[in-house]
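None of the figures in this text is laboratory data; all of them are computed from the coordinates on show. As the structure is a prediction and not an experimental result, all values here were calculated from the model. Cβ placement follows ideal geometry from the backbone for every residue including glycine, while neighbour counts extend to all protein chains displayed.
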Amino acid sequence: MNLSNNKILITGGASGIGLGLAERFIQENNIVIICGRRESVLNEVKTKFPSVITKVCDLSVEKERIALYEWISENHPDLNVLINNAGIQKWVSVTDADFYESMKSELTTNIEAPLHLTSLFIQLKSLTTVMNVTSGLAFSPFAKVPVYSATKAFFRSFTLSLRHLLKAKNIEVIEIIPPALNTDLGGIGLHDAHPSVSSFIESIFEQLKEGRSELTFGTSETRLNASAEDLRNHFNAMHPTM
Ligand SMILES: NC(=O)c1ccc[n+]([C@@H]2O[C@H](COP(=O)([O-])OP(=O)(O)OC[C@H]3O[C@@H](n4cnc5c(N)ncnc54)[C@H](OP(=O)(O)O)[C@@H]3O)[C@@H](O)[C@H]2O)c1
């Protein structure tokens, strides 16, 4: 994709990886629209980057996804890039009393929402690019986040098919595959020991310039290229008592 002169929607663009992408795309001379549930956080970003366009939206609610698409179609019909970045992560066990409710929210936010948004936004005549944010855990799960890991494996699988399916419409599909990074994903403090978003974004933009369609960083590069045996060994090393 061209890195400048796009109009880009980044779901979950007010924090973490989404905010890192938003900042960098603004620097590269793009118009950036971000959405999320927390208006105060969106407003903080707007104060720092006045050019950013914000929209409050709960993507776990079907009618809010449709309303977001209709608002974009009406006000920003020239939108050409959709970045499906919003996601949640629950540290949960299948034996927990709230497992079923927790699982449903992860499936809705991490799978149903981006698939629905994709099916809506590819109806825009201007759309040229879909970027999906998956995870290194798509290749080898972490049992403390069992449903999250499975949603990312699902989303990666869907993204591979989507790339093939959208060739006929000339829409490029790019997968961003972060390893664990220092954001508030899953709860404040849980990811503090991991690399910064800024170093990740630098690397992602280098790979975009090279025209890569699977963007990795650190351990997610290793996971992408691992053999089945490497992945089994990695899983066993991550879960020594199981
Ligand atoms: N950090 C990592 O270690 C890591 C590794 C691999 C992949 N990822 C993926 O990267 C993406 C971004 O995560 P992050 O690490 O940057 O965490 P984050 O800072 O918690 O970002 C998640 C964003 O998604 C938004 N969001 C969540 N539920 C939403 C909903 N129902 N409707 C609208 N927006 C919603 C949040 O905004 P509101 O709360 O305001 O709605 C937030 O801005 C996720 O897909 C995550 O799975 C992260």
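Applying a threshold of 7 Å to beta carbon distances and a minimum spacing of six or more residues, or different chains, the list of pairs starting in region 169-194 at a residue that is over 16 Å from Met131 (Cβ atoms) and acidic (Asp, Glu) and ending at one that is within 11 Å of the ligand (Cβ to nearest atom) and not in a loop (DSSP other than H, G, I, E, B) reads Asp184/Gly16. When the residues of region 47-83 are filtered to those that are of a type in the set (Ser, Thr, Tyr) and in a loop (DSSP other than H, G, I, E, B), the one that is nearest to the ligand (Cβ to nearest atom) is Ser60. Only one of the numbered conditions (1) within 18 Å of the chain's Cα centre (by Cα); (2) surrounded by fewer than 19 Cβ atoms within 10 Å (Cβ to Cβ); (3) not hydroxyl-bearing (Ser, Thr, Tyr) is not met by Arg156, and that is (2). A count restricted to region 196-211 and to residues that are in a loop (DSSP other than H, G, I, E, B) and under 17 Å from the mean Cα position of the chain (by Cα) stands at 1. Just one of the numbered conditions (1) assigned to a loop (DSSP other than H, G, I, E, B); (2) hydroxyl-bearing (Ser, Thr, Tyr); (3) within 16 Å of the ligand (Cβ to nearest atom) is not true of Ser93: (3). Filter region 177-224 for residues that are within 13 Å of the ligand (Cβ to nearest atom), touching a strand residue (DSSP E or B) at 6+ places or on another chain (Cβ under 9 Å) and basic (Lys, Arg) and give the result. Correct list: empty.
Within region 157-176, does at least one residue satisfy the condition of being more than 29 Å from Gln27 (Cα to Cα), touching a Leu at 6+ places or on another chain (Cβ under 8 Å) and within 16 Å of the ligand (Cβ to nearest atom)? Yes, region 157-176 contains at least one residue that is more than 29 Å from Gln27 (Cα to Cα), touching a Leu at 6+ places or on another chain (Cβ under 8 Å) and within 16 Å of the ligand (Cβ to nearest atom).
Of all residues in region 1-32 being part of a strand (DSSP E or B) and under 24 Å from Asn110 (Cβ atoms), which is farthest from the ligand (Cβ to nearest atom)? Show your work before the answer.
Let us first name the residues in region 1-32 that are part of a strand (DSSP E or B), namely 7-11, 31-32.
From what's left, under 24 Å from Asn110 (Cβ atoms): 8-11, 32.
Numbers: Ile8: 15, Leu9: 12, Ile10: 9, Thr11: 6, Val32: 14 Å.
Taking the candidates together, the pick is Ile8.
Taking region 77-118 as the range and being among the acidic types (Asp, Glu) and farther than 28 Å from Leu215 by Cβ as the test, the residues that pass are Asp96, Asp98, Glu101. Residues in region 33-40 include at least one that is of a type in the set (Lys, Arg), over 19 Å from Lys209 (Cβ atoms) and either within 9 Å of the ligand (Cβ to nearest atom) or free of Cβ contacts under 8 Å to residues at least 24 places away in the same chain (or both).
Considering region 94-106, and only residues there that are surrounded by 11 or more Cβ atoms within 10 Å (Cβ to Cβ) and touching a residue at least 24 places away in the same chain (Cβ under 8 Å), the residue that is nearest to Thr151 (Cα to Cα) turns out to be Glu106.
Among the residues of region 129-151, which ones are assigned to a helix (DSSP H, G or I) and in contact (Cβ under 8 Å) with a residue 24 or more places away in the chain? Lay out the reasoning, then the answer.
Our first condition is that a residue be assigned to a helix (DSSP H, G or I); within region 129-151, this holds for 136-138, 146-151.
Within region 129-151, Gly136, Ala138, Pro146, Val147, Tyr148, Thr151 qualify.
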